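Following: one structure in C-alpha cells, then a few remarks.
The values are calculated or read from the model by the stated rules, or taken from the named source; none is laboratory data. Bear in mind the structure is a predicted one, so any value in this text is a computation, not a measurement. Cβ: placed from backbone, ideal geometry, glycine included. Neighbour counts: every protein chain shown.
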Amino acid sequence: MFRESIEFSIKAAEELNDTLNAFLQIDRKGALQRADELEGSTRGELAGLAVAVKDNICVKGLQTSCGSKILGAYHPPYNATVIERLQNAGAVIIGKTNCDEFAMGSSNENSAFGPVRNPWDTSKVPGGSSGGSAAAVAAGIVPVALGSDTGGSVRQPASLCGVLGLKPTYGRNSRYGLVAFASSLDQVGIFARKTEDVARVLTVIAGRDKHDATTADVPVPDYQKGLNGDLKGVRIGFPNALFGKGLDVEVSAAVKQAVQVYQELGAEIVEVDLPHASYAIAVYYIIATAEASSNLARFDGVRYGFRAEDAAELRQMYRKTREEGFGPEVKRRIMLGTYVLSAGYYDAYYRKAQQVRTLIKNDFINAFKVCDAIITPTAPTPAFPIGEKVDDPLAMYLNDIYTVTANLAGVPGLSVPCGLSTERLPIGFQLLGPYWSEPILLKLANEYERVRPFTDRPKVNADRN
Amino acid sequence: MPISENDIAKVAQLAHLELPDEELKIFVPQITEIVSYVEQLKELDTRNVEPALGGLTPEGERTESSRPDEVIACLGQRTALAEAPAAAEGHFRVPKVLT
C-alpha cells in the first residue's frame with residue numbers, strides 16, 4: 001500500500017520533469033526500498049507520506065546542490081534534523097527539488113540547472129526560491145514538500161502556485177542541515193494542499209534541537225488538534241496601507257474577499273498599522289546580503305564541491321573557484337553584503353538596518369496588542385512571465401514586499417490560496433501572527449479551506465488527489 | 001554616493017571573486033541602484049533605537065544552549081575528506097600558499 005503511493009509520486013515526478021524541471025534528483029530506488037521497509041513495521045505518524053525536499057536541505061545519500069554549480073553533486077554525510085524527524089515518523093523522501101541558487105531569488109530563474117516552470121502556465125515563473133517544491137505540490141506529485149523561507153521563499157511560491165506555504169516562528173524548526181543563507185532570517189517551511197498536512201508535518205519536525213542553538217525551548221503542541229472550531233472572538237488585523245500602490249487589482253480584490261469570508265465566519269476585523277513596513281525591503285537586502293557574504297565564504301574549493309582548475313596559488317584558486325562556481329545573483333549579493341559590511345560603511349548600512357529592524361519588530365508587537373493575526377496579500381501580483389525581471393534585480397526584490405517583514409521580526413506567516421486571476425493564475429493571502437501562534441494561523445487557514453475549498457487544478461497535473 | 005568601477009573591483013577582491021571586466025560593467029549600475037534604494041533608511045531617526053540582534057523571540061533568548069564540555073564522536077577523517085576536490089595522505093590538498 002505504501003509502495004503504490006510512493007510509486008505514484010516517483011512516476012509523476014519523472015513524467016512531469018521535462019515540463020516543470022521541478023526536481024534535480026529523483027530517488028526512485030531509495031524511496032521504493034524505504035516504502036517496502038515500512039510495510040509491516042511500526043507505523044509512524046507520517047508512515048508512507050511522500051515528501052519532496054528543497055535541494056538546500058541535507059538528506060543523507062542524496063545530493064545537495066543548492067541549485068549551484070559550486071556544490072555540484074555534493075553528498076552530505078548527515079541528515080538535517082528536520083529530515084531525521086520526518087524519516088523517523090515514516091515519511092519517504094522521493095527527491096530533491098530545484099531552487100534559486102542558495103535560495104537567492106523570487107522566481108527560480110537563478111538556478112544553475114534552469115528555471116522551474118509554473119504548473120498553471122509553463123511560460124510563467126513558479127516563484128522562488130523554493131519553486132520546485134511549490135510546483136511539485138501544486139502539480140499533485142507529492143502532498144507535502146519542504147522549503148526554506150528567508151524573505152518569503154516558501155510563502156511567495158506557494159501563493160504563485162496555489163498551495164499552502166508556512167514559514168514558522170524563528171526558532172520553531174531546526175536549521176541544522178539547512179545550508180545557511182542568512183542565519184537570522186532562515187526557517188525551514190512546509191508546502192501542502194491541505195492545512196491538515198501542514199499541521200501534521202509541523203508537529204513532527206518542530207522543536208528544540210541541540211545541534212541548532214537558535215531553536216527555542218518551547219513545547220510543540222499537536223498542531224492537528226484545534227484546527228476546527230468557530231472563529232468568534234478572533235480578531236484579524238487589516239493593514240489598509242498595504243493595499244495601495246503596486247498591488248495588482250485582482251490580488252487586492254481576492255484578498256479583500258477573503259477578509260469578507262472571515263467576517264462571515266465570525267471573526268472581528270480591526271484596522272492595524274505597520275508604519276515601517278515600507279522600509280522592510282531596504283532593511284532586508286542589507287541584513288540578508290551581509291549575512292550571506294559571511295555564510296558563503298565557506299565555498300572556497302577546499303573541502304567539498306567544485307574547484308577551478310589551473311590556479312597557480314591558493315588565493316587565485318579561491319577567486320577562480322568562486323567566480324566560476326557562483327551565478328550572477330549570488331555574486332551580486334555577496335558583493336552587496338561585503339560592501340555594506342566594509343570599513344567605513346558598517347554604521348551607515350548594517351547598524352542602521354538592524355535599528356530599523358527593531359522598529360519593524362515593534363510594529364508587530366504593537367499590532368498584536370489589538371489583533372490575533374494580520375491578513376495581507378502574499379505577493380503583489382500573480383505569477384509573472386519567465387524572463388520578465390531577470391535583468392532588473394531591484395524589481396525582482398520588490399516581489400518580497402509583503403513577506404520579508406515576518407522574517408525580520410521572526411513571526412510566523414502562512415500563505416493560503418484564495419482564487420484565480422482572469423488569466424487563471426493562483427492568488428494567495430498571507431496570515432501573520434505573534435510568536436508561536438502557528439495554531440491560530442492553521443485554524444484560520446483550515447476554516448477558510450472548509451468554506452472556500454481551493455479545488456481548481458493546474459494544467460500540468462499528476463491527475464490524482 | 002556614486003559607486004565607481006574601482007569601488008566594486010575592491011569589494012570583489014575582499015569577497016574573493018575574480019570578476020572579469022564585462023561582469024564588473026554590469027554590476028556597477030545594478031549595485032548603485034540597490035544601494036541608492038536602501039539609502040531611504042536615512043530618513044528615519046534611529047538615534048535612540050537599539051539594533052535588533054537577529055529575529056530572536058524572548059523564548060529563544062531564554063533558551064539555554066550551552067552543553068557539557070565532553071568529547072563526542074565526529075565525522076572522522078575518511079568521511080570528512082570524501083567530498084574534497086583534492087585530498088592526499090589524510091589532508092586537504094591545496095595549491096601553493098606562498099609564492
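Being among the charged types (D, E, K, R), farther than 30 Å from B:T46 by Cβ and not in a helix (DSSP H, G or I): is that true of A:D273 here?
Details: among the charged types (D, E, K, R): yes; farther than 30 Å from B:T46 by Cβ: no; not in a helix (DSSP H, G or I): yes.
Here the answer is no, as A:D273 does not meet what is asked.
Given the criteria buried (at least 19 other Cβ atoms within 10 Å of the Cβ), of a type in the set (F, W, Y), without any contact (Cβ under 8 Å) to a residue 40 or more places away in the chain and at the interface with chain B (Cβ under 9 Å from one of its Cβ atoms), does A:Y349 qualify?
no
Per-residue answers, yes or no, for (1) at the interface with chain A (Cβ under 9 Å from one of its Cβ atoms); (2) not polar (S, T, N, Q):
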site	(1), (2)
B:Q30	yes, no
B:E33	yes, yes
B:E43	yes, yes
B:T63	yes, no
B:V71	no, yes
B:T79	yes, no
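Limited to region B:36-56, what total is found for residues that are surrounded by 17 or more Cβ atoms within 10 Å (Cβ to Cβ) and modelled with pLDDT under 95?
4
Take the conditions of a type outside the set (F, W, Y), part of a loop (DSSP other than H, G, I, E, B), touching a helix residue (DSSP H, G or I) at 6+ places or on another chain (Cβ under 9 Å) and more than 19 Å from A:D186 (Cα to Cα) and apply them to B:E64. Does it pass?
Working: of a type outside the set (F, W, Y): yes; part of a loop (DSSP other than H, G, I, E, B): yes; touching a helix residue (DSSP H, G or I) at 6+ places or on another chain (Cβ under 9 Å): no; more than 19 Å from A:D186 (Cα to Cα): yes.
No; evaluated as a whole, the condition is false for this residue.
Only one of A:D222, A:D217, A:D230 is within 14 Å of another protein chain (Cβ to nearest Cβ), charged (D, E, K, R), surrounded by fewer than 16 Cβ atoms within 10 Å (Cβ to Cβ) and out of contact with any His (no Cβ under 6 Å at 6 or more places or on another chain); which?
A:D217
Give me a count of the residues in region A:282-303 that are of a type outside the set (V, I, T), out of contact with any Gly (no Cβ under 8 Å at 6 or more places or on another chain) and either more than 9 Å from every other protein chain (Cβ to nearest Cβ) or assigned to a helix (DSSP H, G or I) (or both). Break it down stepwise before answering.
Residues of region A:282-303 that are of a type outside the set (V, I, T), as a first pass: A:282, A:284-285, A:288, A:290-301, A:303.
Applying the additional criterion that residues be out of contact with any Gly (no Cβ under 8 Å at 6 or more places or on another chain) yields A:282, A:285, A:295-298, A:300, A:303.
Restricting the remaining residues to those that are either more than 9 Å from every other protein chain (Cβ to nearest Cβ) or assigned to a helix (DSSP H, G or I) (or both) gives A:282, A:285, A:295-298.
The qualifying residues number 6.
Just one of (1) at the interface with another protein chain (Cβ under 8 Å from one of its Cβ atoms); (2) in contact with an Asp or Glu (Cβ under 9 Å, 6 or more places away or on another chain); (3) among the acidic types (D, E) trips up B:E50, so point out which.
For B:E50, the failing item is (2).
Suppose the filter is in a loop (DSSP other than H, G, I, E, B) and either of a type in the set (G, A, S) or within 21 Å of B:D7 (Cβ to Cβ) (or both); does A:A348 pass it?
It is false that A:A348 is in a loop (DSSP other than H, G, I, E, B) and either of a type in the set (G, A, S) or within 21 Å of B:D7 (Cβ to Cβ) (or both).
Among the candidates A:L414, A:L336, single out the residue that is surrounded by 24 or more Cβ atoms within 10 Å (Cβ to Cβ), part of a helix (DSSP H, G or I) and modelled with pLDDT of 95 or more.
A:L336
Being buried (at least 17 other Cβ atoms within 10 Å of the Cβ), among the small types (G, A, S) and under 30 Å from A:Q63 (Cα atoms) is the requirement here; does B:A82 meet it?
It is false that B:A82 is buried (at least 17 other Cβ atoms within 10 Å of the Cβ), among the small types (G, A, S) and under 30 Å from A:Q63 (Cα atoms).
Filter region B:87-99 for residues that are aliphatic (A, V, I, L, M) and at the interface with chain A (Cβ under 7 Å from one of its Cβ atoms) and give the result.
Scanning region B:87-99 gives B:V94, B:V97.
Could you tell me whether any residue of region A:367-378 is within 13 Å of chain B (Cβ to nearest Cβ), touching a residue at least 12 places away in the same chain (Cβ under 8 Å) and surrounded by fewer than 24 Cβ atoms within 10 Å (Cβ to Cβ)? Steps first, please.
At the first step, the residues of region A:367-378 found to be within 13 Å of chain B (Cβ to nearest Cβ) are A:368.
In the following step, the residues that additionally are touching a residue at least 12 places away in the same chain (Cβ under 8 Å) were identified as A:368.
Now restrict to residues that are surrounded by fewer than 24 Cβ atoms within 10 Å (Cβ to Cβ): A:368.
Yes, region A:367-378 contains at least one residue that is within 13 Å of chain B (Cβ to nearest Cβ), touching a residue at least 12 places away in the same chain (Cβ under 8 Å) and surrounded by fewer than 24 Cβ atoms within 10 Å (Cβ to Cβ).
Yes/no per residue for (1) assigned to a loop (DSSP other than H, G, I, E, B); (2) in contact with a Ser or Thr (Cβ under 7 Å, 6 or more places away or on another chain); (3) surrounded by fewer than 24 Cβ atoms within 10 Å (Cβ to Cβ):
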| position | (1), (2), (3) |
| --- | --- |
| A:Y176 | yes, yes, yes |
| A:S184 | yes, no, yes |
| A:E196 | no, no, yes |
| A:T203 | no, no, yes |
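Select from region B:15-35 the residues that are under 20 Å from the mean Cα position of the chain (by Cα) and not in a helix (DSSP H, G or I) and write down the one among them that is surrounded by the fewest Cβ atoms within 10 Å (Cβ to Cβ).
Per the criteria, the residue is B:E18.
With the requirement that a residue be part of a helix (DSSP H, G or I) and facing chain B (nearest Cβ under 7 Å), what does region A:304-324 give you?
Selection gives A:L314, A:M317, A:Y318, A:R319, A:K320, A:R322, A:E323.
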